[in-house]
Every structure is written in structure tokens, then in C-alpha cells.
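The values are calculated or read from the model by the stated rules, or taken from the named source; none is laboratory data. Keep in mind that what you see is a predicted model, and the values were worked out from it rather than measured. Here the Cβ positions follow ideal geometry from the backbone for every residue, glycine too, while neighbour counts run over all protein chains shown. When the accessible area is computed, the model is the full protein with side chains, heavy atoms only, and any ligands, DNA or RNA have been set aside. Shrake-Rupley method; radii C 1.70, N 1.55, O 1.52, S 1.80 Å.
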Amino acid sequence: MSDSDFPSDAIASISTSAMPSKQHRGEEPPSMSFDYLKYSFKSLSRPASHENLAILASSNAADVERRFHMPNEEGLLHLKNTSPVVSKKFHKVLIANRGEIAMRIMRTAHELGLKTVAIYAYEDRLSMHRYKADESYQIAPEGKHTPVGAYLAQDDIIDIALKRNCDAVHPGYGFLSENADFARKIEAAGLKWVGPRPETIDALGDKVKARAVANECSVPVVPGTDGPIDQLADARAFCDSHGFPVIIKAAMGGGGRGMRVVRNADELDSAFERARSEALSAFGDGTVFIERFLDRPKHIEVQLLGDGKDNVIHLFERDCSVQRRHQKVVEIAPAPTLDVALRDAILADAVKIARHVNYRNAGTAEFLVDDRGHYFIEINPRIQVEHTVTEEVTGLDLISLQLHIAAGWSLPDLHISQERIQLRGFAIQCRVTTEDPSQGFQPDIGKIEVYRSPGGNG
């Protein structure tokens, strides 16, 4: 939509108080605030329609509050806090990831007026994320790292960030996103880490330590070993005491790797060794622990947001119970079958744990639910693949909030509080999984030949 498409009388009535100041943006404000208002709607996940911009142009705080859930006590001032003023703290962000999540972060960073830097392995030199960034750099010369190892090369990545005058590093999900040592190196180098504090990752990224934190908060956990185990004799002792079935889990992992269900004593020895070996290969740490296995539970996760300044809120829950080999396949927000009282208890427990560690940035608390209650299992101290369904039902841009919090904004600064978070409808994310039925449904690769986005009425 161009300026000429917008009614001239509405443009004339737009208040200049909605425009960012020079000191906020470090540059001259635009001659009229039309583009800025359009930008603000991108940040708020609202279409910049004639009707929407007309409401803003009226400077009517009551209309703004009613239509867009902005605080009526400050009216259009809220638009300043969704503007590119994040750039007052940093101007260029390196994205230490690849593919879809890298491009997702770039989209919001560009909307916030930030420059983006992509990194890529030699084998990814033609990948799309490289070309979507303002700048892109190969992590290391060909042959120095494996394709995956390149994205784990901490020192090489930090070297790029420093040489290219980056101010912040966003890790996305996977790779180094839950590596506390990498986060420490980033901060020691004088860069902003877009994520939780390193000590928080230490406390919550390890499932065994996270269970201990939950116990300190009196949040129920699945019965399991008191700590990590590395001896088969310890595994046998737990099973003798608690019976079968049990599940062996990697302490440092996720995504179903390093995880084995054991239904009888005959399976224990081989499952224990395979879980340890897989955990060591996938995460560089073979530590495992054991829990009682819950048959066919609901898997509920709570989106959390904290600013590290004693402010923590939840953005409601997602149901990720539909899984294949412990990998999430379908995500629904909010969970459609949870009892209201149970939902409230889960949300309260998630916030309680996050507040206990003064959580900073975005994270997800995960719970299992059966007919006896709910049990905390872990917190993922990062953005998750499925964050988009929460964005759809709350109207909030989680990547934008991550960047603002990393830049030093508090939730009150952003006019975000628990009572202001409202749900609108449902959202579903489905993941495409490729398997080869002729090979016992082993994971496979393939090419998507046709894709049609949903559209039409309804």
C-alpha cells in the first residue's frame, strides 16, 4: 500500500507523538509517520489496512485499546516501544544458525531496523539463509569442519562476529543454543547473547539439574533417579525398586535422541548402553538418568518470557502430544482438551520455576499429564520450532521480544504484563516427516515436488 492509497485527511491527522525521536533511532525521523505506523503494525502482527491506520491516526486511546490491546493510559506511546528503538543498544546481529530459523530471525531483525549477518558451512554455500542476510560469511575453510561441526565451531563463529562488528548473537534453536559455555564466551567477548543467562542454561539445560530446581519449587516431577547415573548396576537397582516400564533419557539432550523405553529386565542392558552411546554422539555427553515411563500421556509445554528483572509471564500452552519416535509432529495452541483447573496449575508451576531462577528471555517449560496429574520434565532455554503457533494465538512476535529483552528492555518497558496476554482462536503446526517404509520406516530424505499454501474462504 502506497501513501497515495491512504486518505490525505487521515495522513494529516496522524500525531507526530507516534514517531520515534532522534535519540531513539540515531537518525532523522521520517517526514510523516505513515511508514512508521505501517512498520508498527508489522511488529504487532496487525495488517496495515486503511481501517487500522485510520484508528491509529485518530489518536483515540480508547479505540487503540479496544482494537489492538494497547495500554489506554499511554495511548499511542506504545507504538514507540514496538519501533526500531531496539537499535539504541545494538545495530547488527549475527545469527548462529542456518535454514528456516535463521531466516525467521532475519525477518524480524530487519523489521526492527537491525543489520543481519549469516554464517554458513562450505556445504551450505548455496543455502537460502546466506542470501537473505545483509552480510554472510563462511565459517571456516572447506574441510576444516564437518557440515554440522561448522555450526558448533564456537571460536570461529565468535571471530566472525567480532571482525564484522556485530553487537549481538542469536543462536536460534539446536546447535549451540543451549550451550552455556558458548553463551559465556559471547558475553566475555562483549557481545549481547539473545537468550537466557549462561548460569540459567547450566541450571535448566541439564534435565537432572532442572528436576532439582523443580523439587526446590515443590513442582511435581516424574519419579526417577536422584541424579545422573553412569553404571548399569545403578540402572538395575532403580528398576528393581520401581519396576517397569522405565525410560532412559540423555541428561543434556532433546529431540528424542539418547532416549530408550525399557519394558522388561531383558531389555535393560542393551537399552542403557545404546542410550549412553547415542547421547555421547549427539550431545558430547553420555550422562543419562531414568524415570518411570508414563504410557500415552499428554505432552504439554508452556511458553515463558522473562526479562531477568524479576518479571516472568506465560504466553499460555501448546499441546505436542502427537509424536513419532519422541519427535513432535503436531503442535496445537492452546491445548484443546485440558481441564481449566489443570491448565491453571500447569501455567502457575511453569512461571514458578522460571521466576525461581529469575529467567531472562524466551523459554519453554514441558510437562507430562496423565490421569493422576501433571509432571514437570524440563525447560528448553531457547526459542523453539513451534513458537509460531503461540505467536498466532497471542499476536506477539517472540523474536522481537527476544531482541528487545537482550537490548535491555523490561516487560514493563514493553507494556507487557500477564493480564494483557489474550488468546484468540487456535493455531496448528504440522511437521513433514520423511520415512522409508521399505526399510522399516527408517528416516529418509526426499524432495517436495508440490506445495500449496492454504487459502480461500474460512
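Details
- Taking amide hydrogens as placed 1.01 Å from N in the peptide plane, the amide H of residue 140 sits under 5 Å from those of 122, each at least 5 positions away in sequence or on another chain.
- Distance (nanometres) between label positions extended 7 Å along Cα→Cβ at residue 445 and residue 107: 2.6 nm
- Shape call, segment 348-458: gyration tensor on alpha carbons, a/c limit 1.5: prolate
- Highest to lowest packing among 374-383, 349-358, 237-246, scored as the average C-beta count within 10 Å: 374-383, 349-358, 237-246
- Point-to-point label distance, residue 266-residue 452, nm (Cα→Cβ direction, 7 Å offset): 5.0 nm
- Ordering of 436-448, 192-204, 319-331 by burial proxy (mean other Cβ atoms within 10 Å per residue, highest first): 192-204, 319-331, 436-448
- All Cα pairs of segment 135-179, percent lying beyond 11 Å: 69 percent
- Computed log10 I(q)/I(0) for segment 209-337 at 0.09 Å⁻¹: -0.31, from the Debye equation with unit scatterers placed on every C-alpha and solvent omitted.
- Averaged over its residues, segment 93-228 has an accessible area of 42 Å² per residue, based on protein heavy atoms and a 1.4 Å probe.
- Estimated at the nearest 10 Å², the accessible area of residue 449 is 140 Å² with a 1.4 Å probe.
- Note on segment 153-292: Cα-Cα pairs beyond 22 Å make up 47% of the total pair count.
- Placing +1 on the Cβ of every Lys and Arg and -1 on the Cβ of every Asp and Glu, with nothing else charged, gives segment 136-238 a dipole about its Cα centre of roughly 200 debye.
- Length gained on full extension, residue 352 to residue 237: 38.1 nm, using 0.36 nm per residue less the C-alpha separation.
- Counting all C-alpha pairs of segment 114-153, share separated by more than 15 Å (%): 34 percent
- Measuring nothing but protein heavy atoms, the accessible surface of segment 106-211 at 1.4 Å probe radius is 48 percent carbon and sulfur.
- Of all accessible heavy-atom area on segment 346-458, the percent that carbon and sulfur account for (1.4 Å): 52 percent
- Kirkwood Rh, angstrom, segment 126-220 [1 / mean 1/r, Cα pairs]: 15.1 Å
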